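Engineer: If you scroll down you'll find the structure; I have some questions about it.
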Amino acid sequence: MSFASPLFLWFFMPATLAAYWLSPRRLRNWIVSVASLVFYTWGAGAYAALLLSAILVNFAAGIAVDSARLAGRTRARATVAAAAIVWDLGILAVWKYAGFASRQIDALTATLGLGHSPIVSLALPIGISFFTFHHISYVVDVYRRSRPAQRSLVGFVTYIAMFPQLVAGPIVRYHEISAQLADTARDRFADFAAGFPRFALGLAKKVIVADTVAPVADAAFASGQPSMATGWIGALAYTVQIYFDFSGYSDMAVGLGMMFGFRLPENFARPYSAFSVTDFWRRWHISLSRWFRDYVYIPLGGNRRGTRATYRNLVVIFVLCGFWHGANWTFLCWGLYHGGLLVAERLLGWDRPPGGVPSLVLRRAATFLLVVVGWVVFRSADMTQAFGMLGAMAGARGGELDEFVLFALDHRRTLVLVLAVGVVLLPASPGFGRILERGGILERGRGRAARWAVGAARASVTWVAAPYAAVLVAAGTFSPFLYYQF
């Protein structure tokens, strides 16, 4: 069940909100947890049993690690925590990576003349990467004693299976939400007033922008011999699509969380306005970056063990980040590419903010170009296609736009693509109001006009763009979120 589907928008979400608002405080987490399990079962079917088994194992492990019986037994606590983490990683390894590993073994044995080996073929349970990381976060936080174990199974199910973030994040670390799980005295009307506009913004970003430019990107990447123009338009279309699709989902998740009284972490902060790739990763999929920082990078030593160890840790983190997205060589190469860029920036000192406006503009342009190149690898089905697209973008083949791209790039999609690129390239923190005020152009009190303009823009999204997006959904023009496949 997608957030951008008629079933969710007009039946599931209103029914769940109504049940939540009309229930007494003690039942609110029950409503969220039951609705979340129904939501997951609707999309995943029998794989809901896999989620439930992981929930029970980690819930029991947390209680054991935090028990008085093991309070002074460091080795026993570590053993229980490690066993739970191995269980979680084992689920991820089997269901997400076994097929990839078996194909590599088959290719190797065939190359060596040993014949073919069996190929494992398993359907990927939706949201497996996200709920696995939530479980690991919980066990580690309890083991570190940063938070006590969750004693309520309903509260634990609410944390793990909460439907706003279950399928595609943001990744919520346990210490960020443990206190919220116990606080059911929520202001329902204030929560709805804060959350609905955010949800509406995400819906508009997904349906009006991401889904509009998606056919352009699909046509370009499906071209067998892309021209230079086809390569660049396809790369820019996908750059826009993945941002508005994923940030749209995150906005909808945060907005839904607010409507149920939960404050989920932000996942994006204008990433295409970054002045370096290092800065990009402070702004893109923030919850994933912080998860790897807290649970992998810092335990590996972070930047505390010398320069070489720091560079090694960065590369390791981004190889894992690449493989986290999917079992494919393209994701591995994409992770290595970003890890290598971060190391290069540290060597050259480009991870620090630039000194002036000209330098900032050049650094932003260079960073955006590097990110776009990375998205080509990320989007490609294999490295052969990636090299073909990158070669075309570098000018290996001239020629006009591919006919299918030209067909897809109608007036509406062209306008949306141009406007979207313009929006994502705006400054990270526009300061036009302060600049005008310092220049004496605005008189005292005129600053209110800027606030009213912002309010009007938000209202237009809530009451104009979102209803239009809902009409598009009703017409069947929506598509699944890209991060559902991860």
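The values are calculated or read from the model by the stated rules, or taken from the named source; none is laboratory data. Nothing here was measured: the structure is a model prediction, and the numbers come from that model. Note that we place each Cβ from the backbone using ideal geometry, even for glycine, and neighbour counts take in every protein chain shown. Calculation scope for accessible area: heavy atoms of the full protein, side chains included, ligands and nucleic acids excluded. Shrake-Rupley method; radii C 1.70, N 1.55, O 1.52, S 1.80 Å.
Engineer: Given the DSSP H assignment, sum -39500 (n - 2.57) over each helix run of at least 4 residues in the chain and divide by its residue total; what's the result at 222 nm in deg cm²/dmol, nearest 500?
Structural biologist: -20500 deg cm²/dmol
Engineer: Now a separate question. Can you compute the label reach from A49? Point 7 Å from Cα along the Cβ direction, backbone N cut-off under 17 Å, restricted to segment 83-125.
Structural biologist: Backbone N within reach: 91, 95, 122-125.
Engineer: Another question, then. Note the full-extension length gain between I298 and E403 as 0.36 nm times their separation in residues minus their Cα-Cα distance, in nm to one decimal.
Structural biologist: Additional length available on full extension: 32.8 nm.
Engineer: Can you give the FRET efficiency for L348 and F11, using 1/(1 + (r/R0)^6), R0 = 51 Å, r = Cβ-Cβ distance, to the nearest 0.05?
Structural biologist: 0.40
Engineer: F11: accessible area at probe 1.4 Å, nearest 10 Å²?
Structural biologist: 130
Engineer: Taking a label point 7 Å from the Cα of F189 along the Cα→Cβ vector, which residues of segment 245-279 have an amide N closer than 19 Å to it?
Structural biologist: The answer is 258-262, whose backbone nitrogens lie closer than 19 Å to the label point.
Engineer: With every protein chain left in place, what is the accessible area of F323 in Å² (1.4 Å probe, nearest 10)?
Structural biologist: 60
Engineer: With a 1.4 Å probe and all protein chains left in place, how much of the accessible area of segment 163-265 comes from carbon and sulfur atoms, in whole percent?
Structural biologist: C and S atoms contribute 65 percent here.
Engineer: In square angstrom, rounded to the nearest 10, how much accessible surface does W232 have for a 1.4 Å probe?
Structural biologist: Accessible surface of W232 is approximately 80 Å².
Engineer: Can you tell me the FRET efficiency between R75 and A394 if r is taken as the Cβ-Cβ distance and R0 is 51 Å, rounded to the nearest 0.05?
Structural biologist: Computed FRET efficiency for R75 and A394 comes out at 0.35.
Engineer: Can I ask one more? Quick check: Cα centre of segment 217-261 to Cα centre of segment 274-324, how many Å?
Structural biologist: 24
Engineer: Separate question: Calculate, for V120 and V357, the FRET efficiency according to 1/(1 + (r/R0)^6) with r their C-beta to C-beta distance and R0 51 Å; round to the nearest 0.05.
Structural biologist: Efficiency, rounded to the nearest 0.05: 0.40.
Engineer: Contour minus end-to-end for R312 and R103, with contour as 0.36 nm per residue of separation and end-to-end as the Cα-Cα distance?
Structural biologist: Result for the pair: 72.4 nm of gain on full extension.
Engineer: How far apart, in nm, are two points set 7 Å out from the Cα along the Cα-to-Cβ line at L89 and at H411?
Structural biologist: Label at L89, label at H411, 5.7 nm between them.
Engineer: Computing the accessible area with a 1.4 Å probe over protein heavy atoms, can you report the carbon and sulfur percentage for segment 24-107?
Structural biologist: Of all accessible area on segment 24-107, carbon and sulfur atoms account for 71 percent.
Engineer: Using a probe radius of 1.4 Å on heavy atoms only, what accessible surface per residue do you get for segment 19-185? Whole Å² is fine.
Structural biologist: Ligands and nucleic acids excluded, the figure is 45 Å² per residue.
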